[in-house]
Amino acid sequence: MTEVLLQVRAIGKRFDVGAGRFQARARASIQALSDVDLDLASGQALGLVGESGSGKSTLARILVGLEQPSKGSVRLDGVELTTLSRAAWRPFRKRIQMVFQDCAGSLDPRQSVRSALLEPYRIHGLYSARERDMRCMELLEAVGLGAEHWNRFPHELSGGQRQRVAIARALALEPQILILDEPVSALDSSMRAQILNLLIELKRRFHLACLFVAHDLFAVQALCEHIAVMYMGRIVEVAPTGALFANPLHPYTQALLSAVPFADPQVEQQRRRIVLQGEPPSPMDLPPGCAFAARCPTKHSIDARLCEGDRPLLKGCDETGLRQAACHAVVTQGSQS
Amino acid sequence: MTLLEVRNLRLRFDTKDGPLQVLDEISFKLEAGETLAMVGESGSGKSLTALTLMGLLPPGAIIETGEVLLEGRNLLTLSARQWRSVRGRELAMVYQDANSALHPLLTVGEQLAEAILAHRKESPSEVRKACASALGEVGISAPEARLDAYPHELSGGMRQRVVIAMALLARPKVLIADEPTTAVDVTMQAQILELLEHLRAKYSMAVLLVTHDLGVVARAAQKVAVVYAGRTVELATTKELFQTPLHPYSVGLLRSAPSEAAQSMASVLAASPSQGPTQSPSQAPARLFSIPGMAPSPARMPVGCAFHPRCPFEVARCSRERPELKAWRVEVPSNMHTGLVTATSRRAACFEQERVAAAAVASRTGWHELEQLWLAKMEPRT
Amino acid sequence: MIRAALRHLAGLVISVVIVLAVSFALMHAVPGGPFDAERGLHPEIEANLARAYHLDWPVWKQFLQYIGPFNLGPDGWLGTGADRFGGVLALDFGPSLRHRDYDVADILAASLPVSFQLGALALAWSVPLGILLGTLAAARAGTWLDALLRVLTTTGIVLPGFVIASLSLLVFAFAWPLFPVAGWSSLRHMVLPAFALGAPCATYVARLTRSGVLENLQLDFVRTAKGKGLGRGAVIWRHALRSALLPVVAYLGPASAAILTGSLVVEKIFFLPGAGTHFVNSALNRDYTLALGVTLVYTVLVFCLNALADLLASFLDPRVGGRQES
């Protein structure tokens, strides 16, 4: 077992909504995350996949300290992060860095590439001016940009190049953990492949632990050894990447997989497609049972009352315990075979 | 008669740094009841083509040559008044970002009603009924109640459905969908594509689907126009394109898309015994293919074929002359289970079509060689 | 809704108390007193006057007395008998220290209606016209009409009020006697002052509208509107203008308060008995009670009009105050 770097246990997050200008107290609260467990090991990448509103970005923000969890613990090398003060966070911020989806928004439009890359050093007061410049050059090279981009501004770069700068900036402080929040969703397919290749290479070179948040299973496939699928704030399935693609257990994972269109018209014609109907339930009013029950295509094959009344827990589904799924149907299947 | 035909559309912007040729001979044909996908990278001119068809070009755009024929009538010669009766009624558009495409201060019902009232007079109650049924048709539950909702009160997926309903209200002959699924997640994408497909079949509409995602093409389109640097480089049926791409750019695009091949590769990985969290870091994940180099900017377009600097099939001619979009009439020796590819209505703008086609057919058994070719091509440059 | 109203009311009371306290303190801190102008006043008489108006008390005591009927004096309630002063809480603003025969309330009652009428008239023409011209300028952006309107609005903003007032007098009362020069008896008397008072507002509204509409014309929802086949008119007036009105409404809250309470310059030039004059003169004369009374009215007015503007904005913009789904 590789050493676990970041350990997430039973994280829950609740947002109050409705406290607006004409409303003094919150009308309701949203359960964005419940009972999320994760392990990140160095040199390993975990994909976190789910539709928008499933809580995956909230989790990412909690891990980098941008958000406080309502309960649960996040430990980095055994140190509890959730209870740290802002000042005590500082040394850890160097070790966990984040890359955002909207790289146009996360780069200051009036800041050149150079000054964007120097900023982390300035903030943390590291290295001499000469050394900083040298390190920035190395970073640029590492992300596939050259000296000619040194003095450019974000609007002079393409979307892919901007994302490269954002990645370079995240790497500046030599973090151990990289949180990637939909880093390729805004890019078109050829750009996407380039950035993914870059991430694969960087992960190997710097032995990074990565959490890759995305709504597209195929995006995370290339980089991640393991994938966790989220639905309505809960992890519903965890599996090694290959196993998940070969044999998705949770009906939601199956639907997610079949939703991605393949670039092959013949396969597309023959493929069994599960198009989920309707929308996820309101996070303000989650059903008592399985949150997916209302949209679940296999619910009726087992006892529907079980799914609607009793929330399935994440359980191991094979001998190794590496595959886990939170579904009543899966567990019954597992015990039969 | 062809329902919609775009012929040699050329468009430029005059800027203070000189003219920018953004569309350089876009051509395609669209028949009633079929979906044509226009595929290309961002910046290739897909969206501008869509806007040209709607007569919604931004100020400063100059159409140099070309025709947009809707049932034989050239739309580019219409007056502003005539345009108004075409827009929304004969051609309607679904926009990429439903969030910004809807007016934040008007209710869904008010915005839908305009799509009807812009073209014919009707009583308010009839308009309301038509709007509600349009919302129902795109799969929005409780449509009556949603009419009085404001866009911000709806979820992202519902907003996109509202935009589709709005486009459908006037029963257009051609629906232009500009990246309708780029801003939504995969689950919603599957729903929206299914809806578009259902509506196309039901009303035998023609759909022009603008996208950069070949998976979307494979799922939703019967025909494809591949666009590179403002130019149609290949026209084919979807099946033909995926079987035998004739343009090197199409080959590269196809290769970089998530396909079944990618999935089966993943299954192989899964079957290997070393899987697990202890999967050794040395077992490097396969690199994804992407076409080396970058698409040229309109300000610095290469002479000759715009793709030649990135093309592994480049010959001396490519950097001098520009290949026309010409019909393809060469037969390729059959390979595997493909059979003969015979003369069809396919067109591609490449001098080396035969070589490309042969290589593409061969690559179905082993992509490796073609990839090596590509890498070798880019080696001296980097 | 009731809760919201109560919250607004509480906010109003707190603001009024703060504004009054600060003004009171500042006014007493400034050297000079209300009777300085009456030259040659015998020191004893002045002392008597000061005593009569309790100006010999410490400032905090005077303030409390001004606020309400508190029992502060050695002999029970402050002031006795006929000149007993109820304080602001009893809606009594006291006697004017300068115009000693009048109460502040009398003075305000006589002058405020004039200012209100004039201000309302000024707003009534300037806001719609400003919106109209601004939208037209945006619709015809880059044409001669836009250029002309830009010159006009720039002039309107740059020219001081007294220049506009004097110019309009010169042209429409002297050179071409359409309207009376001064006075306040009929609607015809109001035309020129209302013009002079409203002109800067009209130009400002026109500018805000123009830039708002132009900005909106670039937005996606306007493209959607065009794509439906709507005509240019509907696109501009219904779609682009609607959201451009939000900043105009926000501007009009405080701006209309200033216009409704009158302008010294316009009132001086047209010899109008409005409240704007008192605003300036009371401060110059250290007429403490009148100045405070005017300030109080102005504060309440600004507060109410801002609340009104908020309300109007929330009618225009359904997103205000609601929950935004992402």
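The values are calculated or read from the model by the stated rules, or taken from the named source; none is laboratory data. Everything numeric here is computed off the predicted structure, so don't read it as measured data. Using ideal geometry, Cβ is built from the backbone for each residue, glycine included, and neighbour counts are taken over all protein chains shown. These area figures cover heavy atoms from the full protein model, side chains too; ligands, DNA and RNA do not enter into them. Shrake-Rupley method; radii C 1.70, N 1.55, O 1.52, S 1.80 Å.
Rundown of residues vs (1) more than 14 Å from chain B (Cβ to nearest Cβ); (2) in contact (Cβ under 8 Å) with a residue 24 or more places away in the chain; (3) in contact with a Ser or Thr (Cβ under 6 Å, 6 or more places away or on another chain), yes/no style:
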{"site": "C:Val266", "(1), (2), (3)": "yes, yes, no"}
{"site": "C:Ile269", "(1), (2), (3)": "yes, yes, no"}
{"site": "C:Phe279", "(1), (2), (3)": "yes, no, no"}
{"site": "C:Arg286", "(1), (2), (3)": "yes, yes, no"}
{"site": "C:Tyr298", "(1), (2), (3)": "yes, yes, yes"}
{"site": "C:Asp310", "(1), (2), (3)": "yes, yes, no"}
{"site": "C:Pro318", "(1), (2), (3)": "no, no, no"}
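If you scan the range B:319-363, which residues turn out to be within 26 Å of B:Val303 (Cα to Cα), part of a loop (DSSP other than H, G, I, E, B) and at pLDDT below 80?
Hit for the range B:319-363 is B:Trp328, nothing else.
In the range B:68-99, which residues are β-branched (Val, Ile, Thr) and over 21 Å from the mean Cα position of the chain (by Cα)? First the steps, then the outcome.
Start the filter on the range B:68-99 by keeping residues that are β-branched (Val, Ile, Thr), which leaves B:68, B:77, B:86, B:94.
Correct list: B:Thr77, B:Val86.
Inside the range A:78-90, can you point out the residues that are surrounded by 11 or more Cβ atoms within 10 Å (Cβ to Cβ) and either touching a His at 6+ places or on another chain (Cβ under 9 Å) or of a type in the set (Ser, Thr, Tyr) (or both)?
Taking the range A:78-90 first, the residues surrounded by 11 or more Cβ atoms within 10 Å (Cβ to Cβ) are A:79-82, A:84, A:88-90.
A:Thr82, A:Arg90, listed by residue number.
Using beta carbons and a limit of 6 Å, which pairs, at least six apart or on different chains, have the first residue in the range C:1-24 and within 14 Å of chain A (Cβ to nearest Cβ) and the second one part of a helix (DSSP H, G or I)?
Taking only residues 6 or more apart or on different chains, the pairs are C:His8/C:Ala307.
Of all residues in the range B:149-202, count the ones that are more than 22 Å from B:Gly109 (Cβ to Cβ) and touching a Lys or Arg at 6+ places or on another chain (Cβ under 9 Å).
Within the range B:149-202, residues that are more than 22 Å from B:Gly109 (Cβ to Cβ) and touching a Lys or Arg at 6+ places or on another chain (Cβ under 9 Å) number 8.
The conditions are (1) more than 10 Å from chain C (Cβ to nearest Cβ); (2) at pLDDT below 90; (3) more than 30 Å from B:Ala306 (Cβ to Cβ), and B:Ser123 fails exactly one of them. Which is it?
Checking B:Ser123 against (1) more than 10 Å from chain C (Cβ to nearest Cβ); (2) at pLDDT below 90; (3) more than 30 Å from B:Ala306 (Cβ to Cβ), the one that fails is (2).
When you look at C:Glu215, is it within 14 Å of another protein chain (Cβ to nearest Cβ), farther than 26 Å from B:Lys121 by Cα and of a type in the set (D, E, K, R), yes or no? Before you say what the answer is, go through the steps one by one.
Numbers: within 14 Å of another protein chain (Cβ to nearest Cβ): yes; farther than 26 Å from B:Lys121 by Cα: yes; of a type in the set (D, E, K, R): yes.
Yes.
For every residue, the table says whether it meets (1) more than 15 Å from C:Gly262 (Cα to Cα); (2) open to solvent by 80 Å² or more (accessible area, probe 1.4 Å).
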{"position": "C:Leu167", "(1), (2)": "yes, yes"}
{"position": "C:Leu170", "(1), (2)": "yes, yes"}
{"position": "C:Phe174", "(1), (2)": "yes, yes"}
{"position": "C:Ala182", "(1), (2)": "yes, no"}
{"position": "C:Pro200", "(1), (2)": "no, no"}
{"position": "C:Val205", "(1), (2)": "yes, no"}
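One line per residue, one yes/no per condition, for (1) over 19 Å from C:Arg232 (Cα atoms); (2) within 13 Å of chain C (Cβ to nearest Cβ); (3) in contact with a helix residue (DSSP H, G or I) (Cβ under 6 Å, 6 or more places away or on another chain); (4) assigned to a loop (DSSP other than H, G, I, E, B):
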{"position": "B:Pro59", "(1), (2), (3), (4)": "no, yes, no, yes"}
{"position": "B:Thr65", "(1), (2), (3), (4)": "yes, no, no, no"}
{"position": "B:Val68", "(1), (2), (3), (4)": "yes, no, yes, no"}
{"position": "B:Arg81", "(1), (2), (3), (4)": "no, yes, no, no"}
{"position": "B:Arg89", "(1), (2), (3), (4)": "no, yes, no, yes"}
{"position": "B:Met93", "(1), (2), (3), (4)": "no, yes, yes, no"}
{"position": "B:Gln111", "(1), (2), (3), (4)": "no, yes, no, no"}
{"position": "B:Ile140", "(1), (2), (3), (4)": "yes, no, yes, yes"}
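Within the set of pairs 6 or more residues apart or between chains, which connect a residue that is more than 19 Å from A:His155 (Cα to Cα) inside the range A:111-126 to a residue that is of a type outside the set (Val, Ile, Thr) and open to solvent by 10 Å² or more (accessible area, probe 1.4 Å) with Cβ atoms less than 7 Å apart?
Taking only residues 6 or more apart or on different chains, the pairs are A:Pro120/A:Arg169; A:Pro120/A:Leu173; A:Tyr121/A:Tyr127; A:Tyr121/A:Arg132; A:His124/A:Lys94; A:His124/A:Leu173.
Checking the structure you have, find out if any residue of the range A:220-239 is open to solvent by 20 Å² or more (accessible area, probe 1.4 Å), out of contact with any strand residue (DSSP E or B) (no Cβ under 7 Å at 6 or more places or on another chain) and at negative phi. Give the steps one after another, and end with the answer.
Step one: of the range A:220-239, the residues open to solvent by 20 Å² or more (accessible area, probe 1.4 Å) are A:221, A:225-226, A:234, A:238.
With out of contact with any strand residue (DSSP E or B) (no Cβ under 7 Å at 6 or more places or on another chain) added as a condition, the list becomes A:221.
Restricting the remaining residues to those that are at negative phi gives A:221.
Within the range A:220-239, one or more residues are open to solvent by 20 Å² or more (accessible area, probe 1.4 Å), out of contact with any strand residue (DSSP E or B) (no Cβ under 7 Å at 6 or more places or on another chain) and at negative phi.
Filter the range A:222-254 down to the residues that are hydrophobic (A, V, I, L, M, F, W, C) and facing chain B (nearest Cβ under 7 Å), then identify the one that is nearest to the chain's Cα centre (by Cα).
First, the residues of the range A:222-254 that are hydrophobic (A, V, I, L, M, F, W, C): A:222-224, A:227-230, A:232, A:235-236, A:238-239, A:243-246, A:249.
Right, trim to facing chain B (nearest Cβ under 7 Å) and you get A:222-223, A:243, A:245-246.
On the way: A:Ala222: 14, A:Leu223: 12, A:Ala243: 19, A:Phe245: 18, A:Ala246: 21 Å.
Restricting to residues being hydrophobic (A, V, I, L, M, F, W, C) and facing chain B (nearest Cβ under 7 Å), the top hit is A:Leu223.
Listed residues A:Gly43, A:Gly12; which is at pLDDT 75 or above, small (Gly, Ala, Ser) and part of a strand (DSSP E or B)? Even if it seems obvious, please write down each step before you answer.
Values: A:Gly43 fails: part of a strand (DSSP E or B).
One residue alone meets the criteria, A:Gly12.
Tally the residues that are more than 8 Å from chain B (Cβ to nearest Cβ), under 23 Å from B:His212 (Cβ atoms) and in contact with an Asp or Glu (Cβ under 8 Å, 6 or more places away or on another chain), restricting the search to the range A:180-221.
Of the residues in the range A:180-221, 4 are more than 8 Å from chain B (Cβ to nearest Cβ), under 23 Å from B:His212 (Cβ atoms) and in contact with an Asp or Glu (Cβ under 8 Å, 6 or more places away or on another chain).
Just the residues that are open to solvent by less than 50 Å² (accessible area, probe 1.4 Å) and over 16 Å from C:Leu192 (Cβ atoms), please, taken from the range C:110-119.
Filtering the range C:110-119 down to residues open to solvent by less than 50 Å² (accessible area, probe 1.4 Å) leaves C:111-112, C:114-115, C:118-119.
Answer for the range C:110-119, where residues must be open to solvent by less than 50 Å² (accessible area, probe 1.4 Å) and over 16 Å from C:Leu192 (Cβ atoms): C:Ser111, C:Leu112.
Need pairs with beta-carbon distance below 6 Å; first residue outside the structural domain of C:Leu290 (by TED's automatic domain parsing) and within the range C:89-106, second open to solvent by 40 Å² or more (accessible area, probe 1.4 Å) and among the aromatic types (Phe, Trp, Tyr); sequence gap 6+ or separate chains.
Hits for this filter: C:Ser96/C:Tyr102.
Of the residues that make up the range A:95-105, is at least one in a loop (DSSP other than H, G, I, E, B) and within 14 Å of chain B (Cβ to nearest Cβ)?
yes
Restricting to the range A:101-123, name every residue that is open to solvent by less than 70 Å² (accessible area, probe 1.4 Å), touching a helix residue (DSSP H, G or I) at 6+ places or on another chain (Cβ under 8 Å) and not acidic (Asp, Glu). Before the answer, list the steps.
Start the filter on the range A:101-123 by keeping residues that are open to solvent by less than 70 Å² (accessible area, probe 1.4 Å), which leaves A:103-108, A:111-113, A:115-121.
Okay, now just the ones that are also touching a helix residue (DSSP H, G or I) at 6+ places or on another chain (Cβ under 8 Å), so A:103-104, A:106-108, A:111, A:113, A:116-121.
A:Cys103, A:Ala104, A:Ser106, A:Leu107, A:Gln111, A:Val113, A:Ala116, A:Leu117, A:Leu118, A:Pro120, A:Tyr121 - these are the residues of the range A:101-123 that are open to solvent by less than 70 Å² (accessible area, probe 1.4 Å), touching a helix residue (DSSP H, G or I) at 6+ places or on another chain (Cβ under 8 Å) and not acidic (Asp, Glu).
Using the structure shown, decide if C:Thr295 is within 18 Å of the chain's Cα centre (by Cα) and more than 19 Å from C:Leu12 (Cα to Cα).
Criteria not met by C:Thr295.
Quick check, is A:Arg164 open to solvent by 10 Å² or more (accessible area, probe 1.4 Å) and touching a Leu at 6+ places or on another chain (Cβ under 6 Å)?
Working: open to solvent by 10 Å² or more (accessible area, probe 1.4 Å): yes; touching a Leu at 6+ places or on another chain (Cβ under 6 Å): yes.
Judged against the criteria, A:Arg164 is a match.
For the range B:173-243, which fully contained strands (runs of 3 or more DSSP E) count at least 2 residues that are open to solvent by less than 10 Å² (accessible area, probe 1.4 Å) and either within 13 Å of chain A (Cβ to nearest Cβ) or within 20 Å of A:His215 (Cα to Cα) (or both)? Break it down stepwise before answering.
On the way: elements: B:174-178, B:206-211, B:223-228, B:231-237.
In the range B:173-243, B:206-211, B:223-228 are the strands (runs of 3 or more DSSP E) which contain 2 or more residues that are open to solvent by less than 10 Å² (accessible area, probe 1.4 Å) and either within 13 Å of chain A (Cβ to nearest Cβ) or within 20 Å of A:His215 (Cα to Cα) (or both).
For the range A:279-303, what are the residues that are more than 24 Å from the chain's Cα centre (by Cα) and open to solvent by 30 Å² or more (accessible area, probe 1.4 Å)?
Of everything in the range A:279-303, those that are more than 24 Å from the chain's Cα centre (by Cα) and open to solvent by 30 Å² or more (accessible area, probe 1.4 Å) turn out to be A:Asp285, A:Pro287, A:Pro288, A:Ala294, A:Pro297, A:Thr298, A:His300, A:Ser301, A:Ile302, A:Asp303.
Report, ordered by the first and then the second residue, all pairs with beta carbons closer than 9 Å, sequence separation of six or more or different chains, a first member in the range C:176-189 that is under 16 Å from C:Leu121 (Cβ atoms) and charged (D, E, K, R), and a second member that is open to solvent by 60 Å² or more (accessible area, probe 1.4 Å) and at pLDDT below 80.
Every condition considered, the pairs that remain are C:Arg188/C:Leu178.
Suppose we filter B:Leu105, B:Leu53 for residues that are touching a Pro at 6+ places or on another chain (Cβ under 9 Å), surrounded by 18 or more Cβ atoms within 10 Å (Cβ to Cβ) and not in a strand (DSSP E or B); which single one remains?
Only one candidate qualifies: B:Leu105.
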